[in-house]
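Undergrad: My questions will all concern the structure given below.
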Amino acid sequence: MSKVWAALNEHRQELSEVSLRTLCDNSSRTERFLHEVCGITVDLTRHLADDRTLDLLLNLAEESNLLDLRNAMFAGEHVNTTEQRAALHVALRNRSTDPMLVDGDDVMPQVRDVLDRMQSFCNAIHSGSWTGATGRQITDVINIGIGGSDLGPAMAASALRPWWISGIRTHFVSNVDPSHLSDTLQSLDVESTLFIIASKTFGTQETIANACAARRWVTDTLGESAVANHFVAVSTNAARVADFGIDTKNMFEFWDWVGGRYSMWSAIGLSIAVAIGFDRFAEMLDGAHCVDNHFRNTPPETNVPVLLGLLDCWYRDCWGCQSRAVLPYDQHLAQLPAYLQQLEMESNGKQIRLDGSKATHGTASVLWGASGTNGQHSFHQMLHQGTTMVPCDFLVAAMTSSDASDDRHAMLIANCLAQSEALARGCTLDELDAPSDLAPHKVMPGNRPSTTFVYRQLDPFTLGAIIALYEHRVFVQGVIWNIDSFDQWGVELGKKIANRILPGLLEDGAPDGDPTTLRLIQRIAELSDGQNR
Ligand code: G6Q
């Protein structure tokens, strides 16, 4: 263990004696723990950390070469070492005129070219000049994709619902469970529905199976020639797109230096741009670019993603926190926890370090959460009085994006602020007004840390900024843990086994699997009367 880690662990013992009440009541606390970035106030004052904590964590960043690695990412170096690739999603939202290089080539001309094509496509859909095969205007757009080709666009489209262009509805189908597509299609008219098949590889089993089913739905009614009007593709693989039967002039390209879970800024965001219009999509890119500049140019002590990522490591490794909760007090961000689960847990849920050795510290926490105030009537009990400490992120807008003029938004804010105050300060036995037999049940231990993010309104710029903050925070965690945040080898084995099991479910061949799998296949066959065969 390095000297800095040892000092951090020792310091954590000292902090056990300090209460968050004392820390928060220090009037100079805001100097180092309250920050503004791209219109977002990030309040870190309710963290179990003092000046010495921050100094030690910043030493840890220095010891881990954080700034060099950050610069390497922006320089398009192969920071995804196990796949020998750049991770240059920042180029997709580079709104400056500066070049961005991958292997010596400026990628900005191709990035701008695809953005221009996305803009023309959106305009054609919105103006009605792109129609279905029978001449009907497109009213419904379905993104078929999964993982990184679904979660970001689905989350963003839902977050930006108040900005939806009228007359266009967007839908997202990801699951290979046939119900997902059939439930979605139920209320739609084939003549006015357009599919975006979003897949980096264009080989993902679930996406291709759903895309084939969607094509059958279209061609059964409108004939083969209708594919040209009702399907576009987003991919890095033109050959497979053509094999599927989509003309590559209706394909929007991206590149292998864009990781799946970092791809909503690329053409994978086409469904977002269709939903809110290209200009608003560009504002989302602007928000992310603003945070990129902050991350790239701000000294570590005031660099918000750096501080957030370091605090995550502090709780994970020095306090033993196994999970973190994301609690948006913003109904439009209800899908944020699901999106962040992939971003953090697929990026940093690893146990092998860059040099091939086994990690000696814990890595990604279990990330979970739900929108407030709903969670208060459910799992917040555990956050307040459970035996496990769960650091929380609270997010809240100063203004509602609804047209309500009553007190509900104020209630939402009051509840958000109340939760973080209650978690931090708790309630002692002395402060209780309760009969003695009930008193222990009502004591609130407090000392539970949280970050509060406050922004004016959840507009496209702010959403872009929030997501970029989280992306860079995850990068910082990965650097401290010395792991490759851009690969995902852990998802491969299950895919391989599923491919081995599938023929035994479909054909008369011998089922394949270990004894438990074989027993379950047998039981499923009995229960389904062989329906899958
Ligand atoms: C993300 C992962 C993964 C990927 C999906 C879909 O970082 O790589 O979630 O996005 O498996 O892959 P395709 O886009 O290739 O269909």
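Undergrad: Among Trp5, Trp314, Trp257, Trp489, which comes first, then next, by fewest other beta-carbon atoms within 10 Å?
TA: Arranged by neighbour count, lowest to highest, Trp5, Trp314, Trp257, Trp489 become Trp489, Trp5, Trp257, Trp314.
Undergrad: If you take every DSSP beta bridge fully contained in the chain, what fraction is antiparallel? Give it as a percent rounded to 5.
TA: Here the antiparallel bridges make up roughly 30 percent for the chain.
Undergrad: So, one more: Sort all Cα-Cα distances of segment 153-204 into consecutive 5 angstrom bins from zero, then give the percent of pairs in each bin up to the one containing the longest distance.
TA: Over segment 153-204, the share of Cα pairs per 5 Å bin runs 4, 14, 23, 26, 23, 9, 2 percent.
Undergrad: Here is a follow-up. Mind listing the lone cysteines of the chain, meaning no other Cys beta-carbon sits under 4.7 Å from theirs?
TA: By the Cβ distance rule, which asks for a partner under 4.7 Å, the isolated cysteines are Cys24, Cys122, Cys212, Cys313, Cys318, Cys321, Cys392, Cys416, Cys427.
Undergrad: Here's a follow-up. Students often check this: by mean Cβ neighbours within 10 Å, which of 318-329, 421-432, 164-175 ranks highest, and how do the rest follow?
TA: Top of the packing list down: 318-329, 164-175, 421-432.
Undergrad: Beta carbons within 10 angstrom, averaged per residue: use that to sort the peptides 192-200, 392-400, highest first.
TA: Peptide ranking by packing, descending: 192-200, 392-400.
Undergrad: Further question on the same structure: Find out how many positive minus negative residues lie around Gly167, taking Lys and Arg as positive, Asp and Glu as negative, among other residues whose Cβ is under 14 Å from that of Gly167.
TA: 0
Undergrad: Segment 348-455: Rg/Rh from Cα coordinates, Kirkwood Rh?
TA: Rg divided by Rh gives 1.10.
Undergrad: Step by step: find N for segment 230-285, compute 2.2 N^0.38 Å, then divide the Cα radius of gyration by it. What's the final number?
TA: 1.18
Undergrad: Using modelled amide H (1.01 Å from N, peptide plane; none on Pro or chain starts), what sits under 5 Å from the amide H of Ile142, excluding residues fewer than 5 places away?
TA: Result for Ile142 returns His171, Leu194, Phe195, Ile196.
Undergrad: Would you mind counting up the charge near Gln341? Only other residues with Cβ under 11 Å from its Cβ, with Lys and Arg at +1 and Asp and Glu at -1.
TA: Residues close to Gln341 contribute a combined charge of 0.
Undergrad: Separate question: Just to check I understand the Karplus step: with θ = phi - 60° and J = 6.51 cos²θ - 1.76 cosθ + 1.60, what whole-Hz values come out for segment 409-422, glycine and proline as x?
TA: Going residue by residue, I get 5, 4, 4, 4, 5, 4, 5, 4, 5, 5, 5, 5, 5, 4 Hz, with x marking Gly and Pro.
Undergrad: Just how many % of Cα pairs in segment 291-420 lie over 20 Å apart, if you round to the nearest whole percent?
TA: Roughly 56 percent, rounded to a whole number.
Undergrad: At a temperature of 4 °C and a viscosity of 1.567 mPa s, determine how fast segment 64-220 diffuses translationally according to Stokes-Einstein, using the Kirkwood radius over alpha-carbon pairs as Rh; express D in µm²/s, rounded to the nearest whole number.
TA: Here the translational diffusion coefficient equals 72 µm²/s.
Undergrad: ³J(HN,Hα) across segment 195-202 via Karplus (A = 6.51, B = -1.76, C = 1.60, θ = phi - 60°), whole Hz, x for Gly/Pro?
TA: Each residue's phi maps through the Karplus curve to give 9, 9, 8, 10, 7, 4, 8, 6 Hz.
Undergrad: Based on Cα positions only, what radius of gyration and what Dmax would you give for segment 485-533, in angstroms?
TA: When restricted to the Cα atoms of segment 485-533, Rg and Dmax are 13.3, 45 Å.
Undergrad: With an 8 Å Cα cut-off and a minimum separation of 6 or more residues, compute the relative contact order for the chain in percent.
TA: Rounded, it is 19 percent for the chain.
Undergrad: Under a 5 Å amide H to amide H cut-off, with H placed in plane at 1.01 Å, what residues pair with Thr451 once short-range neighbours are removed?
TA: Cys392, Asp393, Phe394
Undergrad: Tell me, what ³J(HN,Hα) does each residue in segment 348-365 have, in order and in whole Hz, if you take phi through Karplus 6.51 cos²θ - 1.76 cosθ + 1.60 with θ = phi - 60° and put x for Gly and Pro?
TA: 10, x, 9, 10, 10, 7, 4, 8, x, 7, 7, 4, 9, 10, x, 10, 2, 7
Undergrad: Return Ser401, Ser235, Ser127 ranked ascending by Cβ neighbour count within 10 Å, so the fewest neighbours appear first.
TA: Ser127, Ser401, Ser235
Undergrad: Hey, another quick one. To make sure I understand, if each residue's beta carbon is the centre and we count other beta carbons within 10 Å, what order do Leu57, Leu520 fall in, fewest to most?
TA: If I rank by nearby Cβ atoms, fewest first, I get Leu520, Leu57.
Undergrad: Also: Taking square-rooted eigenvalues a ≥ b ≥ c of the alpha carbon gyration tensor, is segment 176-216 rounded, prolate or oblate, where a/c under 1.5 means rounded and, failing that, a/b exceeding b/c means prolate?
TA: oblate
Undergrad: Do any GluC sites (Glu not before Pro) in segment 16-54 lie in a loop, going by DSSP, with at most 15 other beta-carbon atoms within 10 Å of their beta carbon, and if so which?
TA: Glu17
Undergrad: Please state the shape class of segment 331-398: rounded when a/c is under 1.5, otherwise prolate if a/b exceeds b/c and oblate if not, all from the C-alpha gyration tensor.
TA: oblate
Undergrad: Then there's this: Taking each pair of different alpha-carbon atoms in segment 101-141 once, compute 1/r for the pair, average those values, and report the inverse of that mean as the Kirkwood hydrodynamic radius in Å to one decimal.
TA: It works out to 12.1 Å.
Undergrad: Within a Cβ distance under 13 Å of Ile197, other residues only, what is the Lys/Arg minus Asp/Glu net charge?
TA: -1
Undergrad: Per 10 Å bin, what percent of the C-alpha pairs of the chain does each bin hold, from zero upward?
TA: Pairs per bin, as whole percents: 3, 17, 26, 25, 18, 9, 2, 0.
Undergrad: For segment 401-533, just say rounded, prolate or oblate: build the C-alpha gyration tensor, square-root its eigenvalues into a ≥ b ≥ c, call rounded for a/c under 1.5, and beyond that prolate if a/b exceeds b/c, oblate if not.
TA: Because a/c hits 1.5 or more and a/b exceeds b/c, segment 401-533 counts as prolate.
Undergrad: With bins 10 Å wide starting at 0, give me the P(r) of segment 56-152 over every alpha carbon pair, in whole percents.
TA: 13, 26, 29, 19, 9, 3, 0
Undergrad: Segment 149-302: percent of C-alpha pairs farther apart than 21 Å?
TA: The proportion of pairs with Cα distances above 21 Å equals 49 percent.
Laboratory data are not the source of any read-out in this text; all were calculated from the coordinates shown. Remember, it's a predicted structure, so these values are computed and weren't measured experimentally. Glycine gets a Cβ as well: all are built from the backbone with ideal geometry, and neighbour counts include every protein chain shown.
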